[in-house]
Amino acid sequence: MEAIDDGRLARGTRLPSTRAAQRVFGVSRNTLADVYDRLLNEGYVVMRRRSGTFVADKIPESPATHEPGDAPPYRLNPYWLRTDVQDAIHFWREPGADQPRAGQSPGIDLRAGQIDPRLFPIAVFRRAVSRQLRRLERMPPRNPSSQGNQGNYRLREAISRHIRITRAVVCRPDEVLVTSGAQQAFDLLARTLVTPGETTVALEDPGYPPLRAAFAAAAAKLVPVPVDQEGIRVDHLPRDVGVICVCPSHQFPLGVLMSEQRREQLVRFARAHKAVIVEDDYDGEFRHEGNPLQALRMRDCADVVFYVGTFSKCMLPSLRLGFIIAPRWALPALVTVKNYLDWHSPTPMQLGVAEFIAEGHLAQHVRKMRNIYAHRRERLHQILREDFSDCLEPVPSSYGLHICAFATGNMDANLVAASAVRQGVQLHSLERYYMAPGGRPGLIFGYGALDVSQIERGMKVLRDIIRR
Ligand SMILES: Cc1ncc(COP(=O)(O)O)c(C=O)c1O
């Protein structure tokens with residue numbers, strides 16, 4: 001954009017094809033396709049059929065030049081302008097994909113991390129929240145809260161019951177801190193556990209980019225650690241590690257379940273090196289098959305494991321509610337940071353969720369969704385087996401709302417994902433989840449947001465792209 005704005009790329013100049021640009025800039029074609037899409041959407045370039053992409057004759061005025069009173073960009077902390085940080089935080093924002101183009105039907109969203117909000121019992125939840133609002137009307141909460149703002153006590157009580165049943169995690173309400181989703185939990189943990197510039201944080205690679213961004217923002221020294229079929233490679237952990245972040249039940253995005261042996265090795269390593277473990281159990285409610293390996297937090301290691309849970313998958317991501325079950329020695333510091341950030345999460349919503357859990361609606365919803373998601377997953381597995389066995393090798397997993405598959409043969413996963421996006425099928429290639437270069441390529445298929453017929457349609461588009 002800068003080159004177009006300042007005239008280095010003159011009006012009408014033909015841009016190289018993404019293939020040629022890849023050779024020049026040395027970045028993936030997926031990234032280039034995103035850049036070209038963005039330029040197109042913002043009116044910087046035009047596409048001419050069969051001739052290519054050209055700098056537009058009339059380019060939009062840059063907002064920064066004509067908005068009086070805008071802060072000059074040099075006042076911004078450059079961290080938040082870094083493209084890797086932007087990419088990590090805008091992880092689900094595909095350029096040009098939010099709005100279907102004219103004449104196109106809404107896309108099919110095969111990305112990981114999505115749920116089906118259409119099936120959430122919103123009327124039941126609305127009644128629970130209204131009842132709690134009426135209660136608050138009669139008894140307005142005292143300020144400051146008598147509960148030390150660790151989160152509403154009823155919700156903490158409901159959480160400790162819920163995870164005892166679904167995840168066999170035993171904890172008391174006073175070990176629970178309510179957060180605004182898992183993302184705030186990561187931020188709180190990063191602020192509390194990281195000494196800027198000093199603390200080494202080990203992250204599974206591939207991993208969840210928004211988690212990475214939280215620890216990077218706290219100026220941790222990040223170390224990517226590879227994952228194999230048993231989970232994080234403990235033998236690759238740096239000796240000076242202070243915090244180790246893992247998803248043992250359903251590694252994100254590979255889906256691997258951490259083996260019993262690896263769990264023992266990990267906890268032993270953490271103790272020996274005075275490190276702590278952050279356990280992200282983002283979709284632990286949705287176990288579909290196999291042996292229910294308990295959460296790490298169960299294993300006699302309540303002093304070194306910070307268990308992070310969220311209501312984003314089992315209820316709705318828009319609730320922005322999650323929690324940390326923290327070792328007792330760390331709770332006061334975590335509560336202080338939470339209070340410093342936003343005092344506490346919104347009380348009416350906390351009370352509504354507490355009632356929803358206490359009345360058994362969450363357990364019922366999870367039971368229903370487990371069956372529905374299992375059915376979608378089975379169909380997706382069947383399609384992968386029948387139609388993609390020559391180019392994709394699914395990673396075995398037993399939990400969750402997505403399946404990851406490694407590319408085999410000569411399929412270019414980035415190219416396939418980019419073409420799928422252009423045809424209205426949102427799909428992520430594994431590449432964007434890696435920190436270190438050279439990770440094994442593949443694709444991730446989320447089935448949370450789609451019914452079976454949508455999954456079939458999306459996979460048909462993909463099959464046609466690959467066969468072409
Ligand atoms: C690995 C992982 N952790 C955590 C979350 C949940 O995040 P939040 O509770 O902030 O919505 C997600 C959501 O997709 C995720 O994929």
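What ranking of Asp235, Asp342 comes out by heavy-atom accessible area, probe 1.4 Å, highest first?
Numbers: Asp235 100, Asp342 50 Å².
Result, largest first: Asp235, Asp342.
Which value, in nm² and rounded to one decimal, describes the direction-averaged projected area of the C-alpha convex hull of the stretch 338-468? List each step's numbers first, then the result.
Details: hull surface 45.6 nm².
The directionally averaged projection comes out at 11.4 nm².
Check which residues have an amide H placed less than 5 Å from Leu222's amide H, if you skip close sequence neighbours.
Answer set, sorted by chain and number: Val201.
I need the trypsin sites (Lys or Arg not before Pro) found in the stretch 232-281, filtered to DSSP loop residues with at most 13 other beta carbons within 10 Å of theirs. Write out the running numbers ahead of the final one.
Values: sites: Arg233, Arg239, Arg262, Arg263, Arg268, Arg271, Lys274; in loops: Arg233, Arg239, Lys274.
Passing sites in the stretch 232-281 are Arg239, Lys274.
Over the chain, what is the relative contact order in percent, taking alpha-carbon pairs closer than 8 angstrom and at least six residues apart?
20 percent
Quick one: the Cα spread of the stretch 245-293 along its three principal axes, in angstroms, biggest first?
The Cα atoms of the stretch 245-293 stretch 34, 19, 17 Å along the principal axes, largest first.
Between the stretch 360-410 and the stretch 236-281, what is the C-alpha centre distance in whole Å?
So the separation of the two Cα centres works out to 24 Å.
Please work out the FRET efficiency for the pair Asp6 and Arg126, using the Cβ-Cβ distance as r and a Förster radius of 51 Å; give the result to the nearest 0.05. Please list the in-between numbers first.
On the way: r = 53 Å, r/R0 = 1.04.
Efficiency, rounded to the nearest 0.05: 0.45.
Rounded to the nearest Å, what's the spacing between the alpha carbon centres of the stretch 292-315 and the stretch 148-190? Just the number, please.
10 Å
Give the ranking of Lys221, Lys58, Lys313 by solvent-accessible surface, highest area first, calculated with a 1.4 Å probe.
Values: Lys221 90, Lys58 175, Lys313 30 Å².
Largest accessible area first, the residues go Lys58, Lys221, Lys313.
Radius of gyration and Dmax for the stretch 184-314's Cα atoms, expressed in Å?
Cα-based Rg and Dmax for the stretch 184-314 come out at 13.6, 42 Å.
Between Ile372 and Asp228, what is the label-to-label distance in nm when each label sits 7 Å out along the Cα-to-Cβ direction?
That separation, rounded to one decimal, is 3.9 nm.
Going 7 Å from the Cα of Met139 in the Cα-to-Cβ direction, what parts of the stretch 155-183 have a backbone nitrogen less than 14 Å from that spot?
Under cut-off, by backbone N: 155.
Rg/Rh for the chain: what does it come to with C-alpha atoms and Rh from Kirkwood? Show your work: numbers first, answer last.
On the way: Rg = 23.5 Å, Rh = 24.0 Å.
Using only Cα positions, Rg/Rh for the chain is 0.98.
What FRET efficiency would be calculated for the residue pair Thr195, Ile165, taking the C-beta separation as r and a Förster radius of 41 Å, to the nearest 0.05?
0.65
Suppose only helical runs count, i.e. DSSP H with n ≥ 4. What mean residue ellipticity at 222 nm does that imply for the chain under -39500 (n - 2.57) per run, divided by all residues and rounded to the nearest 500 deg cm²/dmol? Kindly include the intermediate steps, with their values, before the conclusion.
Numbers: 15 runs with 180 residues, N = 468.
The helix contribution divided over the chain gives -12000 deg cm²/dmol.
Quick one: pull the percent of accessible area on the chain belonging to carbon and sulfur, 1.4 Å probe, ligands and nucleic acids left out.
That share works out to 53 percent.
Find how much the distance from Glu260 to Asp240 grows on full extension, using 0.36 nm per residue of separation minus their present alpha carbon separation; answer in nm with one decimal. If you can, show how the numbers build up before the last one.
Values: separation 20, 0.36 × 20 = 7.20 nm, distance 2.42 nm.
Taking Glu260 through Asp240 to full extension adds about 4.8 nm, to one decimal.
In what sequence, highest mean first, do 23-31, 155-163, 373-381 appear when ranked by Cβ atoms within 10 angstrom? Mind dumping the intermediate values first?
Details: 23-31: 14.6, 155-163: 22.0, 373-381: 18.4.
Highest mean packing first, the order is 155-163, 373-381, 23-31.
Along the Cα→Cβ direction, 7 angstrom out, place labels at Ser389 and Lys460. What is the inter-label distance in nm?
2.3 nm
What's the percent breakdown of Cα-Cα distances in the stretch 145-211 across 10 Å bins, shortest bin first?
In whole percents, the pair-distance histogram is 18, 37, 33, 12, 0.
Run the simple label-point estimate for Tyr74 and His90 please: 7 Å along Cα→C-beta, distance reported in nm.
Modelled inter-label distance: 2.4 nm.
How about Lys460: which aspartates and glutamates have a C-alpha closer than 15 Å to its C-alpha, ignoring those fewer than 8 places off in the same chain?
Asp109, Glu386, Asp387, Asp451
How much length, in nm to one decimal, is gained on full extension between Gln294 and Val24, taken as 0.36 nm per residue of separation minus their Cα-Cα distance? Don't jump to the answer; show the numbers that get you there.
Numbers: separation 270, 0.36 × 270 = 97.20 nm, distance 4.91 nm.
92.3 nm is the gain from fully extending Gln294 to Val24.
D for the stretch 176-229, whole µm²/s, Stokes-Einstein with Kirkwood Rh over alpha-carbon pairs at 4 °C and 1.567 mPa s: what number?
112 µm²/s
If eta is 1.567 mPa s and T is 4 °C, what Stokes-Einstein diffusion coefficient results for the stretch 386-448, Kirkwood Rh from Cα pairs, in µm²/s? Each step should come with its number before you reach the end.
Numbers: Rh = 12.3 Å.
The Stokes-Einstein estimate is 106 µm²/s.
The values are calculated or read from the model by the stated rules, or taken from the named source; none is laboratory data. Given the structure is predicted, the values throughout are model-derived calculations rather than measurements. For neighbour counting, all protein chains shown are included, and Cβ atoms are generated from backbone atoms with ideal geometry for every residue, glycine included. Ligands, DNA and RNA are stripped out before the accessible areas are found, and what is left, the full protein with its side chains, is counted by its heavy atoms. Shrake-Rupley method; radii C 1.70, N 1.55, O 1.52, S 1.80 Å.
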